[in-house]
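Worksheet for the structure shown next.
The values are calculated or read from the model by the stated rules, or taken from the named source; none is laboratory data. These numbers were taken from a predicted model, which means no experiment stands behind them. Methodologically, a virtual Cβ is constructed for each residue, glycine included, from the backbone with ideal geometry; neighbour enumeration extends over all protein chains shown. Ligands, DNA and RNA are excluded from the accessible area calculation, which covers all protein heavy atoms including side chains. Shrake-Rupley method; radii C 1.70, N 1.55, O 1.52, S 1.80 Å.
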Amino acid sequence: MPKTTNPLRYPGAKRLLVPYIQNLLECNNLEGCTFYEPYAGSAAVGLELLKREIINRLVIVEKDVLLYSFWLCVFTCTDELCERINAVSVDINTWNELNPLREIVSPYDTDVLDLGLAGLFFNRTNFSGILNANPIGGLSQASEYKIDCRFNKPVLIELIRAMARLRDRIEIYWDDALNFMRNYQNNLFRVPSFVYFDPPYFVKGKQLYRHSYSVNDHRALANYVRGIHGFDWLISYDDDPFICGLYCETGAQYQPFHLDYSVAKETRSCGKELLISNLPLPPVALQRAGGQL
């Protein structure tokens, strides 16, 4: 079994936070809660906590059509998705054939399996897993590393099938994170709940995400958090004075840490990050993730 447990590559590698968040939940008697990831992306934290039986249910919300469709296929048409993965040719011709799907704005505009496959394909074949990026090796494929170097079909299929076994405890929504939270908030008071917000980075968001945040979007999230009561939450951000200023009057706890991630180049760099929560936050001690898929 591969060291990674998630089929998606994602800038930020938030899976390194799993032991920390597990400890945070356990220290605050939140084991067995419903865990919300309104900015799901790879949903690495929630999926791993669910697999470890730390949480009872996972609600993932994703605005990006390709990522949402991928997760929907993982949990609702697993066999069909795995067949498509097994059959696809991982080359620049397929990349070009799938490229128009990056322009789709709604999961209802075309076949969800096409979108789900495209989401995985671009994530595994593009530079740093960025859906809007060019393929590994470039369009000319003149590099030493080719487009298929991160697309190990047997391993990806194994990971997808393992995750699909959790389907009965997962809910998936295609929505904007704040829109979902405002409309769904009353449900959070019915059972013990915890929300992990992992919004787009403030500094490099436009380089990394197809749905990055404007300054006003970051303000809107802070305003929402300032007004919520009745459930616990954690936010992870890139550490920036502007972000700190948004939350300084919320009474939140802050905890800086450094996280290994690859954003600007294939070698790994160390990013200064920040955790913000309405819970007391212990110091963060992270280990570098071992191995890559």
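So which of Arg102, Arg84 ends up being farther than 21 Å from Ile170 by Cα, more than 20 Å from the chain's Cα centre (by Cα), surrounded by 14 or more Cβ atoms within 10 Å (Cβ to Cβ) and charged (D, E, K, R)? Before the answer, list the steps.
Numbers: Arg102 fails: more than 20 Å from the chain's Cα centre (by Cα).
Matching residue, one of Arg102, Arg84: Arg84.
Among the residues that make up the stretch 2-22, is at least one of them in contact with a Lys or Arg (Cβ under 7 Å, 6 or more places away or on another chain) and either among the charged types (D, E, K, R) or under 24 Å from Gln185 (Cβ atoms) (or both)?
Yes: one or more hits.
Would you confirm, using the coordinates I've provided, whether Lys272 is part of a loop (DSSP other than H, G, I, E, B) and at pLDDT below 85?
No: the conditions fail for Lys272.
Being at pLDDT 80 or above and hydroxyl-bearing (Ser, Thr, Tyr) is the filter here, so list the residues in the stretch 231-251 that pass it. Full working, then the answer.
Initial filter on the stretch 231-251 (at pLDDT 80 or above): 231-247.
Selection gives Ser236, Tyr237, Tyr247.
Only one residue in Ser89, Ser69 is touching a Pro at 6+ places or on another chain (Cβ under 7 Å) and either open to solvent by 10 Å² or more (accessible area, probe 1.4 Å) or not aliphatic (A, V, I, L, M) (or both). Which one?
Values: Ser89 fails: touching a Pro at 6+ places or on another chain (Cβ under 7 Å).
That would be Ser69, the only listed residue that is touching a Pro at 6+ places or on another chain (Cβ under 7 Å) and either open to solvent by 10 Å² or more (accessible area, probe 1.4 Å) or not aliphatic (A, V, I, L, M) (or both).
Looking only at residues that are within 23 Å of Val105 (Cβ to Cβ) and modelled with pLDDT under 80 in the stretch 201-230, which one is most open to solvent (accessible area, probe 1.4 Å)?
Lys206
Looking only at helices (runs of 4 or more DSSP H) that fall completely inside the stretch 51-142, which ones have 3 or more residues that are in contact with a strand residue (DSSP E or B) (Cβ under 8 Å, 6 or more places away or on another chain) and of a type outside the set (S, T, N, Q)? Don't jump to the end; show me each part of the working.
Values: elements: 65-76, 78-87, 92-98, 112-125.
Qualifying helices (runs of 4 or more DSSP H): 65-76.
Would you confirm, using the coordinates I've provided, whether Ile157 is farther than 30 Å from Pro241 by Cα and in a loop (DSSP other than H, G, I, E, B)?
no
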